[in-house]
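What follows is one structure encoded as structure tokens, with my remarks underneath.
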Amino acid sequence: MRRIGVCFAELLLLLVADAVVASRLIVDGAGRSARVPEVVDRVICSGPGALRLLTYLGGQDRVVAVDDMEKKRPSFDARPYALANPQFKQYPIFGQFRGHDHPELILSFDPQPQVIFKTYPAMGHDPVELQQKTGIPVVILHYGELAADRSDL
């Protein structure tokens, strides 16, 4: 029985060590530290321009949900990134336009996003509260010109 306990403890240590190795600490646009997975495959983008920035950086294949602007607001259909990615209209909705996120909806997704990217943190749901409610790292992005400010975004 003791041997089984030792094997279980070793397995637990390996899993914990693997989780630590598979993540990294970053500093977001608000100067906050956030631990995110080493490889991020699933994200949501909250706030004005967040999805546009991710798309222009080539990360649109990682999006798992969108705000209601992508599905319910036809007056915004002329956005180049949205025209190039019609699949966004098929994704589930995680909240309303301009960063008004719904943590309960986010937690209902399977698979869940690994990171929430957010622009304009003072608009909509508070990023710290959103992270506390979902357990998903919220990374603040600066909204700016992609060409000149790419390294800062």
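The values are calculated or read from the model by the stated rules, or taken from the named source; none is laboratory data. Predicted, not measured: the structure shown is a model, and the values here were computed from it. Cβ sites come from the backbone with ideal geometry, for glycine too, and all protein chains shown count toward neighbours.
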Inset, instruction - Report the residue count in region 22-71 for those that are under 20 Å from residue 82 (Cβ atoms) and β-branched (Val, Ile, Thr). - result: 6
Legend entry - Whichever residue in region 77-115 is under 17 Å from residue 53 (Cβ atoms) and touching a Pro at 6+ places or on another chain (Cβ under 7 Å) and, among such residues, is surrounded by the fewest Cβ atoms within 10 Å (Cβ to Cβ): 98
Inset, instruction - Give the residues of region 31-57 that are farther than 24 Å from residue 79 by Cβ and either modelled with pLDDT under 90 or surrounded by fewer than 16 Cβ atoms within 10 Å (Cβ to Cβ) (or both), sorted by residue number. - result: 31, 33, 35, 37, 38, 39, 41
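Enumerate the strands (runs of 3 or more DSSP E) found wholly within region 33-139, keeping only those where 2 or more residues are within 22 Å of residue 22 (Cβ to Cβ).
Values: elements: 33-37, 43-46, 63-67, 93-96, 115-118.
Passing ranges, in order: 33-37, 43-46, 63-67, 115-118.
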Legend entry - Complete set of residues in region 88-107 that are over 18 Å from residue 123 (Cα atoms), out of contact with any Leu (no Cβ under 9 Å at 6 or more places or on another chain) and not polar (S, T, N, Q): 89, 91, 104, 105, 107
